[in-house]
Amino acid sequence: MSERWYKEAVIYCVEVDTYQDSNGDGCGDLPGLTSRLDYLARLGVTCLWLNPIHPSPLLDGGYDISDYYGVHPQLGTLGDFVELATQARSRGIRLVLDLVVNHTSDQHPWFQSARSDPDSPYRDWYVWSEDEPPDRRQGMVFPGEQTETWTMDPAAKLWYYHRFYDFQPDLNWSNPAVRAEIKKVMGFWLQLGASGFRIDAAPFVIEQTVPGVNPGPMDFTILDDWRQDIQWRNGEAVLLCEANVAPEDVPKYCAAAPDGPNDRAHLMFAFGLNAKLWLALARCDAEPLIEALGTLPKLAAMAQWATFLRNHDELDLSKLTDEQRGDVMAAFAPKPEMRLYGRGIRRRLASMMNGNLSRIQLAYSLQFSMPGTPVLRYGEEIGMGEDLKLPGRLAIRTPMQWDASRSAGFSTAGVVELVRPVPARGNYSAKRVNVEAQRPDRESLLRWFEELIRVLRECPEIGVGEVSVIDCPLPRSVLAHRFDAPEGAILLLHNLADTAVTLDLSGVDPGTGRSGKKPYEVFADDHYEPPAKNLGQLELNGWGYRWIRLRRDA
Ligand code: NOJ
């Protein structure tokens with residue numbers, strides 16, 4: 001077992017406002033989430049990543065913060081946060097908070113002061129230009145919703161920079177006062193019980209904006225400082241970077257020196273792997289994954305990938321070629337309203353798989369057996385769908401479906417008072433998809449996830465081992481990979497197509513280890529014949545998966 005908790009964690013991403021309402025106002029809150037900790041503990045998650053919980057005008061799902069030291073009144077109080085942290089910890093669950101410090105809300109008192117007074121101490125906390133920047137209409141993140149990255153502020157009579165929406169002015173990270181303040185923010189939440197931060201938009205924090213210079217210089221000392229500081233304050237605290245950057249740039253987010261120690265972020269979202277997972281699923285072809293695993297950037301020892309299939313944003317396919325993206329769109333987002341920003345898909349996984357349970361399980365078995373720590377978004381464990389009537393990314397941010405009632409057990413408020421509607425019709429409605437119905441049903445997706453996570457706990461090499469793709473002739477639809485670690489070795493077989501196959505892996509070193517045991521199955525989609533000692537003649541169903549332990553030196 002690794003001594004680093006994040007290497008063998010299961011991270012669950014939860015939006016507090018849509019998870020559980022405790023006071024009947026129609027909005028989920030921190031006490032509501034606390035009341036669901038037993039459910040989460042039973043599921044097996046060991047860390048919750050909370051999307052932003054701070055005061056905010058909520059024009060971008062809370063990613064527009066107006067006070068870093070508070071909790072949004074609809075979600076609860078600071079006391080409620082500490083109670084959540086305490087109760088979670090007593091169940092072995094840690095909390096990671098979204099740290100959204102590339103920008104603030106334009107309603108933040110810092111920006112209000114900065115824009116209205118040239119002598120404000122906060123004027124230089126933001127990024128200004130006296131002249132219209134030549135690249136004013138470049139670098140937008142939300143095409144179709146955003147037309148520029150520099151906007152004239154009528155109060156300041158200056159142009160201000162905003163990588164995202166115009167209500168999200170960028171903080172000036174060249175200013176030492178900004179750096180000092182955000183360190184205080186991090187210290188504050190660590191003191192209240194957080195165990196780390198998801199660094200929102202990490203590359204844009206690090207990029208120092210200069211009008212007309214694209215890209216601006218990158219200042220990684222910000223990450224150096226954060227790592228030093230949080231580790232000093234709380235030895236177990238982690239940084240998890242959101243950085244969908246070129247493969248050659250990824251390692252820099254984890255280590256200052258090439259091949260140096262892990263002295264920056266502990267965890268990196270595996271964006272490259274995510275896109276290739278979806279391409280492989282769309283094409284029913286293992287090749288994109290074989291390529292992705294073979295070319296996975298090498299992270300510093302102790303740094304870790306955070307794998308995911310879906311998150312709270314659109315499924316971002318921007319790093320695929322047009323042809324590859326076209327294939328994923330054709331398979332999983334055939335209608336224009338399922339797509340977003342010309343690069344992504346605003347759907348949940350279960351509906352993308354047409355509700356096919358075997359295929360959903362195949363996809364998640366694949367994710368959970370990829371190198372790294374799995375991140376699971378709330379509601380995926382029961383196979384929730386999306387509501388395409390809601391605008392943009394809200395389609396995938398509907399309330400958690402606890403039971404079949406009209407408010408899905410999410411709230412006691414009337415349906416019109418809910419923060420977002422509960423899907424009432426169709427295959428993914430709360431009537432058809434909910435926790436209460438799945439809990440007693442051994443064949444349900446929820447029970448399957450509980451089992452998956454239990455098994456993963458017994459396979460530490462997936463979190464800490466060396467991954468390699470098995471190099472032997474196999475059908476195109478089959479991925480065979482393995483992990484080797486001091487703790488043991490495991491072989492993983494996944495069939496990305498719906499046709500059954502028989503595999504001959506007799507060339508693979510079964511490495512039975514000191515125990516002398518022959519290979520044995522620890523997890524599979526079916527009751528297969530036990531694997532032979534030489535791994536010959538292995539059956540694999542359509543959409544099938546098998547996790548075969550080769551060695552365990554406990
Ligand atoms: C990335 C977040 O995941 C997304 O939801 C948000 O809109 C942008 N950053 C801006 O903060």
Quick one: what pairs do we get from the range 99-117, first residue under 18 Å from TRP173 (Cα atoms) and charged (D, E, K, R), second open to solvent by 20 Å² or more (accessible area, probe 1.4 Å) and within 15 Å of the ligand (Cβ to nearest atom), C-beta under 7 Å, 6+ apart or different chains? ASP106/PHE167
Report yes if ALA408 is among the aliphatic types (A, V, I, L, M), in contact (Cβ under 8 Å) with a residue 24 or more places away in the chain, closer than 12 Å to GLY28 by Cβ and in a loop (DSSP other than H, G, I, E, B), otherwise no. yes
Out of all the residues in the range 178-189, which are more than 25 Å from ASN244 (Cα to Cα) and either of a type in the set (Ser, Thr, Tyr) or touching a strand residue (DSSP E or B) at 6+ places or on another chain (Cβ under 8 Å) (or both)? TRP189
When the range 411-442 is examined, which residues are found to be farther than 19 Å from GLN20 by Cα and touching a residue at least 40 places away in the same chain (Cβ under 8 Å)? GLY426, ASN427
Of all residues being in contact with a Lys or Arg (Cβ under 8 Å, 6 or more places away or on another chain) and more than 23 Å from THR412 (Cα to Cα) in the range 17-71, which is nearest to the ligand (Cβ to nearest atom)? Just the residue, please. TRP49
Among the residues of the range 420-455, what is the count of those that are part of a loop (DSSP other than H, G, I, E, B) and surrounded by fewer than 20 Cβ atoms within 10 Å (Cβ to Cβ)? 15
Pairing a residue in the range 120-145 that is within 16 Å of the ligand (Cβ to nearest atom) with any residue that is of a type outside the set (A, V, I, L, M, F, W, C) and part of a strand (DSSP E or B), where Cβ atoms lie under 8 Å and the two sit 6 or more apart in sequence or on different chains, gives TYR126/TYR160; TYR126/TYR161; TYR126/ASP170; VAL127/TYR160; VAL127/TYR161; VAL127/ASP170; MET140/GLN146
Kindly indicate the residue of the range 121-140 that is outside any loop (DSSP other than H, G, I, E, B) and open to solvent by less than 70 Å² (accessible area, probe 1.4 Å) and also farthest from LEU171 (Cα to Cα) among those meeting that condition. SER129
Inside the range 345-359, the number of residues satisfying the requirement of being outside any helix (DSSP H, G or I) and either surrounded by fewer than 20 Cβ atoms within 10 Å (Cβ to Cβ) or more than 18 Å from the chain's Cα centre (by Cα) (or both) is 4
Going through the range 525-554 one residue at a time, which ones are surrounded by fewer than 18 Cβ atoms within 10 Å (Cβ to Cβ), of a type in the set (A, V, I, L, M, F, W, C) and in contact with a strand residue (DSSP E or B) (Cβ under 6 Å, 6 or more places away or on another chain)? none
Here is a check on your reading of the model: is LEU296 out of contact with any Pro (no Cβ under 8 Å at 6 or more places or on another chain) and closer than 30 Å to PRO258 by Cβ? no
Of all residues in the range 461-480 being surrounded by fewer than 20 Cβ atoms within 10 Å (Cβ to Cβ) and not hydrophobic (A, V, I, L, M, F, W, C), which is farthest from LEU289 (Cα to Cα)? GLY465
List every residue pair whose Cβ atoms lie under 6 Å apart, where the two residues are 6 or more positions apart in sequence or sit on different chains, the first residue falls within the range 1-22 and is under 20 Å from GLY488 (Cβ atoms), and the second residue, located anywhere, is open to solvent by 20 Å² or more (accessible area, probe 1.4 Å) and outside any loop (DSSP other than H, G, I, E, B). SER2/GLU8; SER2/VAL464; LYS7/VAL464
Pairs please, first residue from the range 489-500 and among the polar types (S, T, N, Q), second anywhere and modelled with pLDDT of 95 or more and part of a loop (DSSP other than H, G, I, E, B), Cβ atoms under 7 Å, 6+ apart in sequence or on different chains. ASN495/SER477; ASN495/ASN541; ASN495/GLY542; ASN495/TRP543; ASN495/GLY544; THR499/GLY542
Among the residues of the range 360-401 satisfying the criterion of being outside any helix (DSSP H, G or I) and among the aliphatic types (A, V, I, L, M), which is farthest from the ligand (Cβ to nearest atom)? MET370
Just a yes or no: is a residue in the range 74-81 open to solvent by less than 50 Å² (accessible area, probe 1.4 Å) and acidic (Asp, Glu)? yes
How many residues does the range 153-166 hold that are more than 28 Å from ASP225 (Cβ to Cβ) and either open to solvent by less than 80 Å² (accessible area, probe 1.4 Å) or of a type in the set (Val, Ile, Thr) (or both)? 6
Taking the range 287-313 and the residues there that are open to solvent by 20 Å² or more (accessible area, probe 1.4 Å) and closer than 19 Å to ARG347 by Cβ, the one that is nearest to the ligand (Cβ to nearest atom) would be ASP313
Is it fair to say LEU97 is open to solvent by less than 40 Å² (accessible area, probe 1.4 Å), within 25 Å of SER22 (Cα to Cα) and hydrophobic (A, V, I, L, M, F, W, C)? yes
Would you mind finding the one in LEU281, LEU223 that is under 30 Å from MET353 (Cβ atoms) and buried (at least 18 other Cβ atoms within 10 Å of the Cβ)? LEU281
From the list ASP316, ASP327, pick out the single residue that is touching a strand residue (DSSP E or B) at 6+ places or on another chain (Cβ under 8 Å) and surrounded by fewer than 20 Cβ atoms within 10 Å (Cβ to Cβ). ASP316
Only one of ASN175, ASN214 that is out of contact with any strand residue (DSSP E or B) (no Cβ under 6 Å at 6 or more places or on another chain) and open to solvent by 60 Å² or more (accessible area, probe 1.4 Å): ASN214
Residues of the range 330-344 satisfying the condition of being farther than 9 Å from LEU317 by Cα and open to solvent by less than 10 Å² (accessible area, probe 1.4 Å): PHE332, ALA333
The range 247-272: number of residues that are among the small types (Gly, Ala, Ser) and touching a residue at least 60 places away in the same chain (Cβ under 8 Å): 2
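The values are calculated or read from the model by the stated rules, or taken from the named source; none is laboratory data. None of the values given here were measured: they were computed from a predicted structure. Note that we place each Cβ from the backbone using ideal geometry, even for glycine, and neighbour counts take in every protein chain shown. Note: accessible area is taken over every heavy atom of the protein model, side chains too, but ligands, DNA and RNA are not part of it. Shrake-Rupley method; radii C 1.70, N 1.55, O 1.52, S 1.80 Å.
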